[in-house]
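Down below is the structure, laid out as structure tokens.
The values are calculated or read from the model by the stated rules, or taken from the named source; none is laboratory data. Worth saying up front: this structure is predicted, and the values here are computed from it rather than measured. In this analysis, Cβ positions are derived from the backbone assuming ideal geometry, glycine residues included, and neighbour counts consider all displayed protein chains.
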Amino acid sequence: MKKALNMRISFCSNSSVLKAFNHGQFHYYIDPYNGNKGSLSYFSNSHPNSRYCDAIKIHRDIGTKLRKELEEIPPQTIFIGYNTEPYQPLEDSLHQTRIVLELLHEKGFSVNLFTMSDLVKRDIDLLKRMPDSKICMPLFSADDDLSDLFERNTSRIEHRFQTLREIKAQGVRTSVKIGPIIPKISDPKTVISKIKGITDEIELTALSFKDKRGEDWIRFEEILYKNYLKSAEEIETIIFSKDHVYWLELKVELEEYRKDHNLNLSVNF
């Protein structure tokens with residue numbers, strides 16, 4: 001894991017640790033650390049929506065608060081890492097995520113844990129004793145140079161592959177989210193070929209933006225035109241055209257690959 005520098009730590013307000021939401025089969029989530037709430041960022045710039053924010057908030061006495069909150073609900077699967085990476089570099093010393101997992105295990109809960117970090121291996125001892133738990137790890141690329149361009153403060157690709165191998169070998173279910181796929185840049189089949197034996201589920205998602213006025217697009221556009229000038233205009237057109245032939249052909253190609261290799265793979269675009 002790349003270490004974050006000059007991390008600013010403050011405390012959350014008196015808001016609850018356990019938060020209700022509707023996300024498929026899940027009814028509650030926990031973010032042991034809190035940065036600015038935003039979707040998963042694939043931009044190397046330091047900006048508010050990064051999962052590895054330079055300013056992180058933690059809960060005061062997270063264990064005591066969570067213990068009381070868990071008494072109000074029956075055991076179930078809790079989503080961890082919905083807004084902010086649960087294995088921040090700070091986790092090495094603060095153990096916020098470890099405390100959460102220990103309590104959930106004690107109370108008979110399981111987890112669906114979303115992380116980019118190989119630090120999750122530290123907690124395999126707990127995770128393998130929590131029935132139905134699953135670790136979901138995103139992968140943008142199988143190429144570290146490309147990953148460095150669009151991701152920020154994440155484990156090296158081979159470290160993530162090795163993490164998946166070790167987790168799966170311990171009997172914990174694994175899932176990989178490949179994406180967001182950037183047209184003409186991403187190589188999803190190469191990623192699939194490297195993980196198909198070390199994960200139970202694979203999900204592919206496409207890069208999309210709400211509009212061209214948002215900060216996310218402005219930052220991405222800067223990286224795109226700086227590094228892929230010759231194809232940037234074509235890539236931009238495809239990104240903002242959900243029904244573009246590029247996406248239709250890629251989906252057909254991936255579906256055929258799924259059938260040929262008998263994979264538990266879903267294409268969500």
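Whenever a residue of segment 234-261 is at pLDDT below 95 and among the polar types (S, T, N, Q), it has no partner that is part of a helix (DSSP H, G or I) and surrounded by fewer than 17 Cβ atoms within 10 Å (Cβ to Cβ) lying with C-beta atoms less than 7 angstrom away and at least six residues away or across chains. Can you pull out the residues in segment 121-159 that are under 14 Å from Tyr87 (Cα atoms) and touching a strand residue (DSSP E or B) at 6+ places or on another chain (Cβ under 6 Å)? Residues satisfying the conditions are Ile135, Cys136, Met137, Pro138.
Criterion first (farther than 19 Å from Glu166 by Cβ, in contact (Cβ under 8 Å) with a residue 12 or more places away in the chain and not small (Gly, Ala, Ser)) does Asp132 satisfy it? Explain how you work it out, then say what you get.
Values: farther than 19 Å from Glu166 by Cβ: yes; in contact (Cβ under 8 Å) with a residue 12 or more places away in the chain: yes; not small (Gly, Ala, Ser): yes.
For Asp132, the condition - farther than 19 Å from Glu166 by Cβ, in contact (Cβ under 8 Å) with a residue 12 or more places away in the chain and not small (Gly, Ala, Ser) - is met.
Only helices (runs of 4 or more DSSP H) whose full extent lies in segment 51-109 are considered here, and the ones with at least 1 residues that are over 20 Å from Asp125 (Cα atoms) and either charged (D, E, K, R) or in contact with a Cys (Cβ under 9 Å, 6 or more places away or on another chain) (or both) are 62-70. Reported count of residues in segment 101-116, each being closer than 27 Å to Leu204 by Cα and either without any contact (Cβ under 8 Å) to a residue 12 or more places away in the chain or in contact with a Pro (Cβ under 8 Å, 6 or more places away or on another chain) (or both), is 5. Among the criteria (1) of a type in the set (A, V, I, L, M); (2) surrounded by fewer than 19 Cβ atoms within 10 Å (Cβ to Cβ); (3) in contact (Cβ under 8 Å) with a residue 12 or more places away in the chain; (4) over 19 Å from Lys189 (Cα atoms), the one Val172 does not fulfil is (2).
Residues in segment 135-192 that are out of contact with any helix residue (DSSP H, G or I) (no Cβ under 6 Å at 6 or more places or on another chain) and among the acidic types (Asp, Glu) were compared, and the one that is modelled with the lowest pLDDT is Glu151. Residues in segment 220-243 that are of a type outside the set (A, V, I, L, M, F, W, C) and within 11 Å of Ile182 (Cα to Cα): Glu236 only. Selection of first residues in segment 7-22 that are without any contact (Cβ under 8 Å) to a residue 40 or more places away in the chain and loosely packed, with under 14 Cβ neighbours inside 10 Å and of second residues that are part of a strand (DSSP E or B) and not basic (Lys, Arg), restricted to Cβ pairs under 6 Å at least 6 apart or on distinct chains, gives the following pairs, ordered by first then second residue: Ala20/Tyr28.
Based on this model, can you work out whether Tyr225 counts as of a type outside the set (A, V, I, L, M, F, W, C) and surrounded by 15 or more Cβ atoms within 10 Å (Cβ to Cβ)? No.
Here is a yes/no grid of residues against (1) in a helix (DSSP H, G or I); (2) closer than 30 Å to Leu164 by Cβ:
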residue: Ser208; (1), (2): no, yes
residue: Arg213; (1), (2): no, no
residue: Arg219; (1), (2): yes, yes
residue: Trp247; (1), (2): yes, yes
residue: Lys251; (1), (2): yes, yes
residue: Leu254; (1), (2): yes, yes
